[in-house]
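Working notes, structure below.
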Amino acid sequence: MSPVQPNILYLHSHDTGRYVQPYGQPVPTPNIQRLADQGVLFRKAFCAAPTCSASRACLLTGQYGHNNGMLGLAHRGWSLNDYQQHLVHPLHNAGYHSVLIGEQHIAKRPDIIGFDRVLKIETTRVDSVAPAAIEILAEPPPEPFFLSVGFFETHRDFLNPPSLRDSLYSIPPPNLPDTPETRRDVAAYKASARSLDQGVGAVLEALDAHGLADNTLIVFTTDHGLAFPGAKATLFDRGLGVMLIMRGPGGFTGGKVVDALISHIDVYPTLCELAGIERPDFLQGRSMMPLARGESTSIREEIFAEMTWHAAYEPQRAIRTDRWKYIRRFGDRSTPVLANCDDSPSKTLLMGLGWAERKIAFEQLYDLAFDPNEANNLAQDPAFQNTRSELAARLQAWMVATEDPLLHGDPSPPPGAEINTPDQISASEATVRIG
């Protein structure tokens with residue numbers, strides 16, 4: 001173990017993607033910006049699965065979703081294969097005191113995860129979570145500690161837009177049309193993001209006030225992309241791209257920006273190395289410490305990602321390199337699974353324009369240098385067949401090496417799982433209970 005083990009504060013939100021101020025977005029989040037100014041911002045960080053439970057499970061087990069068991073949503077019946085593989089357990093064995101505050105979304109019952117203490121609070125929104133976290137830090141907990149502080153923001157339903165100005169002038173993400181509906185929808189998101197920022201600021205101030213900041217590594221991230229059409233629950237960068245800002249011991253200081261490809265599964269081995277903990281054999285990620293120490297400019301040549309269930313079954317896998325994205329969809333459905341897109345004014349707008357009938361290619365190839373919005377599918381272009389074949393082979397090799405169940409057909413949901421059918425329009429419609 002290292003001579004002085006750092007405290008670890010895992011701050012996380014819902015559905016924020018990279019749509020905050022430090023990533024250049026027109027969303028005022030001054031506290032998150034301050035964290036970036038003092039720490040290290042990873043510009044090309046990606047989740048391993050763009051759905052709520054699966055993404056968190058990948059980060060907290062250091063494994064892909066089809067290896068840790070979280071192929072769907074925890075509150076709908078999925079769980080980890082082994083909760084002893086959760087990050088909290090090797091930390092506990094190394095002397096860490098752990099506290100869970102607010103959102104967790106990887107278990108129906110949080111007490112089975114393994115935290116020393118689980119705070120019972122009224123909601124998982126900022127106005128409940130931030131005061132609880134401040135109270136814990138004021139005690140303070142035994143050191144070293146691992147605090148998981150999860151905010152419900154910026155999950156839908158959003159707050160109402162705070163001003164007419166925001167509703168009139170906000171710009172939607174570039175894959176959506178610029179209309180009154182989408183502008184108001186984004187303005188509502190911004191209101192939720194401001195609330196998130198206030199919660200982050202309150203926790204950071206408590207760290208400072210109690211003299212804990214210098215020996216606390218902050219890991220601030222989100223589960224996946226925005227809850228807008230074409231983002232969350234997709235394998236586009238809009239769905240996979242996440243904010244990741246780290247501040248604290250080990251080189252995570254100085255207001256640096258890192259452009260290396262990073263997967264959420266890389267966080268677990270990073271924390272193990274920083275805390276001087278032996279790396280568990282089941283980890284599939286790579287430590288980011290060479291980046292933090294300035295020893296390397298990259299730790300991986302590609303990231304892999306997967307989607308199996310969200311509300312409904314929609315199996316697909318992807319590989320992304322610095323320049324290329326290759327997505328392969330499985331099964332025989334060639335139109336959108338609308339239940340996997342959160343209900344919203346933006347979704348209603350696109351449905352009115354015929355979104356439900358739009359065909360989706362089973363193979364997709366995008367040149368991210370010339371097509372960062374992933375709008376021009378090159379998979380069938382003869383000029384790019386070598387690239388398509390190479391990426392398809394690399395994706396297939398990863399699926400074989402990680403024993404992806406999709407190689408053997410459609411996996412079955414666990415007994416008791418609740419799912420929507422791919423033909424349903426909304427996750428709010430009646431679900432089917434398995435077994």
Using a/c under 1.5 as the rounded threshold, could you call the stretch 331-394 rounded, prolate or oblate? The axes a ≥ b ≥ c are square roots of the C-alpha gyration tensor eigenvalues, and prolate needs a/b larger than b/c, oblate otherwise.
prolate
Give me the distance in nm between label points sitting 7 Å out from Cα along the Cα-to-Cβ direction at H408 and S296, one decimal.
3.3
1/(1 + (r/R0)^6) with r = Cβ-Cβ of A356 and V4, R0 = 60 Å, i.e. FRET efficiency to nearest 0.05, evaluates to 0.60
How much length is gained on full extension from H92 to H75, taking 0.36 nm per residue of separation minus their Cα-Cα distance?
3.5 nm
Filter K232/K359; K232/K256; K120/K190; K325/K359; K44/K256 down to the pairs with a C-alpha to C-alpha distance above 25 Å, please.
K232/K256; K120/K190
Under a crude label model (7 Å from the Cα following the beta-carbon direction), how far is T253 from D116 in nanometres?
2.6
Going highest first, how would you order 407-415, 225-233 by mean Cβ packing within 10 Å?
225-233, 407-415
Taking all protein chains as present, what is the carbon and sulfur share of the accessible area of the stretch 51-209, in % to the nearest whole number, probe 1.4 Å?
49
Please state the charge dipole magnitude for the chain, taken about the Cα centre, from unit charges on C-beta atoms (+1 on K and R, -1 on D and E), reported in debye and rounded to the nearest 20.
440
Mind grabbing the accessible area of Y313 for me, 1.4 Å probe, Å², rounded to tens?
50
Hey, what D do you get for the stretch 233-376 in µm²/s if you plug the Kirkwood alpha-carbon radius into Stokes-Einstein at 37 °C and 0.692 mPa s?
186
Which residues among the stretch 283-324 fall inside the zone where the amide N is under 16 Å from a point 7 Å beyond the Cα of D423, along Cα→Cβ?
312-313
With Cα springs under 10 Å, the Gaussian network model of the chain assigns the largest mean-square fluctuation among G276, G150, G354 to G354
Rounded, prolate or oblate: which one fits the stretch 384-433, using the alpha carbon gyration tensor with axes a ≥ b ≥ c (rounded when a/c is under 1.5, else prolate when a/b beats b/c, else oblate)?
oblate
How much of the accessible area of the stretch 221-367, in percent, comes from carbon and sulfur atoms when a 1.4 Å probe is used?
50
What figure in square angstrom, to the nearest 10, would you give for the accessible area of R300 with a 1.4 Å probe?
20
For the pair D332 and A401, how long in nm is the line joining their label points, each one 7 Å along Cα→Cβ?
3.3
Just to be sure I understand: with springs between alpha-carbon atoms less than 10 Å apart, which residue in M307, M351, M246 has the highest mean-square fluctuation in the Gaussian network model of the chain?
M351
From the Cα gyration tensor of the stretch 93-156, with a ≥ b ≥ c the square roots of its eigenvalues, which class applies: rounded if a/c is under 1.5, or else prolate if a/b is larger than b/c, or else oblate?
oblate
Provide the per residue accessible area, probe 1.4 Å, for the stretch 32-179, rounded to a whole number of square angstrom.
38
Please name which of A369, N7, I106 has its Cα lying farthest along the dipole of the chain towards the positive end, using unit charges on Cβ (Lys, Arg +1; Asp, Glu -1) and the Cα centre as origin.
A369
Can you tell me which of F370, F151, F362 moves the most in a GNM of the chain? Springs connect C-alpha atoms under 10 Å apart.
F370
Along the positive direction of the dipole of the chain (beta-carbon charges: Lys, Arg +1; Asp, Glu -1; about the Cα centre), which of Q21, Q380, Y83 reaches farthest?
Q380
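The values are calculated or read from the model by the stated rules, or taken from the named source; none is laboratory data. Just so we're clear, the structure is a prediction, and the values are computed from it rather than from any experiment. When we count neighbours, we look across all protein chains shown, and the Cβ atoms used for this are built from the backbone with ideal geometry, even at glycine. These area figures cover heavy atoms from the full protein model, side chains too; ligands, DNA and RNA do not enter into them. Shrake-Rupley method; radii C 1.70, N 1.55, O 1.52, S 1.80 Å.
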